[in-house]
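To start, the structure under review is shown below, and the notes come after it.
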Amino acid sequence: MPPRFAFERRRGQRDPIVKLIIEPADGVGPLLAAIKSAKKRVEIAIFRFDRTDVEMALKAAAERGVKVNVLIAFANRGGEQRLRKLELRCLDAGIIVARTSNDLSRYHGKYILIDRRVLYMLSFNFTHLDIDHSRGFGIATTHANWVREAARLFRADCTRSKYEPKIETFVVSPANSRKALDTFLKKAKTELLIYDPKISDKGMLRTLQGRAKAGVEIKVIGSVARGAQFDVRKLTGNRLHTRTIIRDRRLAFIGSQSLRAAELDSRRELGLIVQDAKVIKALIDTFESDWAGANARKTPAPSKEPEAPAAEQAAVTVKEAEKAVQVLTKELDPLAVSVKKAVRKAVAKAGEDVLRDTDVKDTMKKVVKRAVKDAVKEAVKEAVQDAKEAQDVKEAKSQPGS
């Protein structure tokens, strides 16, 4: 394990260890080292996942006798098929798989427990885009109460049972995050430094405006839904994928929940409120560096290339559509074979007389159409998500400092 993330206690040391992961600088190394260090158990909650290196580390842990449990979200935007495939690969490798309930709109928390001794709470997903090209933070800690709470949360979400947090600094949506974060903001005396992609919750905006009126200096890297009485700037050099609030240079919240109603009230999100001096200093240094970069950001010059005539654009669109239809037709051939096999199997079980029943035939047609429609819809979603992530990576690489 990299020295900065070693968790061997020194003789006489009593205070829990709290360390900060900074992305993209630290990369995937701390996570791979953590999984490799596991002796008895690994528990990991996943929302998005495309890291082959992390998957191989989990499989290697299972092969050496470590009990590996993965909790996979029931859905994410455009990537459900990937999650289901991940489940199957994990099962094939002897990894215990659980799927979250669908009672909340999203299960967006990302964390790893190692031997029920070390907790890795992450604001970023297990993806190349988040780890390699985005500003993100994580907390690695031996804090016994946080480790215990994370284990309770993991068990509750695996068994789809109710979870009630017992610690105010262990911030879980929708259980206690609104109250905990509102209180956290209201206690600011001099300064709030905030990373947040989209602050839009009305209650949180009122609280921030109230602090600004009371003389608290507020700086936001990200965006705010409405006009604000404080500075708001856009991150440059990296994509923004963290929710972090530094209060009075003494405490900080790091988590997966933005100050948005959905993430406070109807999604599973996880964060921690920390006061470790070294962690706070590293967060402040990173924020100030990002803020200075945002301050020096130049607006890109408009493109000098003339816009293509409408007729030419329409021709391109038609050609792209025709190409897409050809590809889709080719890709559907195996699906047609699968449908035929399924129909033959159903007829073999029910008897040929079933095909003489008009109602049954109509119902079968509807079922097949719906299955094909759902499959195509999911494939389109996944393709759009792939294209979006590829574009995000391209843009992140093209920006200075990425």
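Observations on the model:
- Lys39 meets the conditions (1) within 30 Å of Gly237 (Cβ to Cβ); (2) at pLDDT 95 or above; (3) part of a loop (DSSP other than H, G, I, E, B) in every case but one. The failed one is (1).
- Search result, residues across the stretch 52-77 that are under 19 Å from the mean Cα position of the chain (by Cα) and either in a strand (DSSP E or B) or crowded, with 21+ Cβ neighbours inside 10 Å (or both): Leu58, Asn69, Val70, Leu71, Ile72, Ala73
- Those strands (runs of 3 or more DSSP E) of the stretch 186-288 in which at least 3 residues are open to solvent by less than 30 Å² (accessible area, probe 1.4 Å), over 30 Å from Glu164 (Cβ atoms) and without any contact (Cβ under 8 Å) to a residue 40 or more places away in the chain, considering only elements entirely within it, cover 217-224.
- Residue match in the stretch 113-120 (condition: surrounded by fewer than 24 Cβ atoms within 10 Å (Cβ to Cβ), at positive phi and more than 14 Å from the chain's Cα centre (by Cα)): yes
- The stretch 64-112, residues that are within 22 Å of Val28 (Cβ to Cβ) and of a type in the set (S, T, N, Q): Asn69, Asn76
- The single condition from (1) under 19 Å from Arg267 (Cβ atoms); (2) hydroxyl-bearing (Ser, Thr, Tyr); (3) surrounded by fewer than 19 Cβ atoms within 10 Å (Cβ to Cβ) that Thr142 fails is (1).
- Subset tally (residues that are farther than 24 Å from Ala98 by Cα, assigned to a helix (DSSP H, G or I) and among the aliphatic types (A, V, I, L, M)) for the stretch 148-185: 3
- Restricting attention to the stretch 59-80, the residues that are more than 26 Å from Ser105 (Cα to Cα) and out of contact with any helix residue (DSSP H, G or I) (no Cβ under 6 Å at 6 or more places or on another chain) total 8.
- Considering residues of the stretch 147-173 that are acidic (Asp, Glu) and free of Cβ contacts under 8 Å to residues at least 24 places away in the same chain only, the residue surrounded by the most Cβ atoms within 10 Å (Cβ to Cβ): Glu149
The values are calculated or read from the model by the stated rules, or taken from the named source; none is laboratory data. Quantities reported herein were computed from a predicted structural model and do not represent experimental measurements. Ideal geometry is used to build each Cβ from the backbone, glycine not excepted, and the neighbour counts take in all protein chains shown. The protein model used for the area step is the full one, side chains on, heavy atoms only, and it has no ligands, DNA or RNA in it. Shrake-Rupley method; radii C 1.70, N 1.55, O 1.52, S 1.80 Å.
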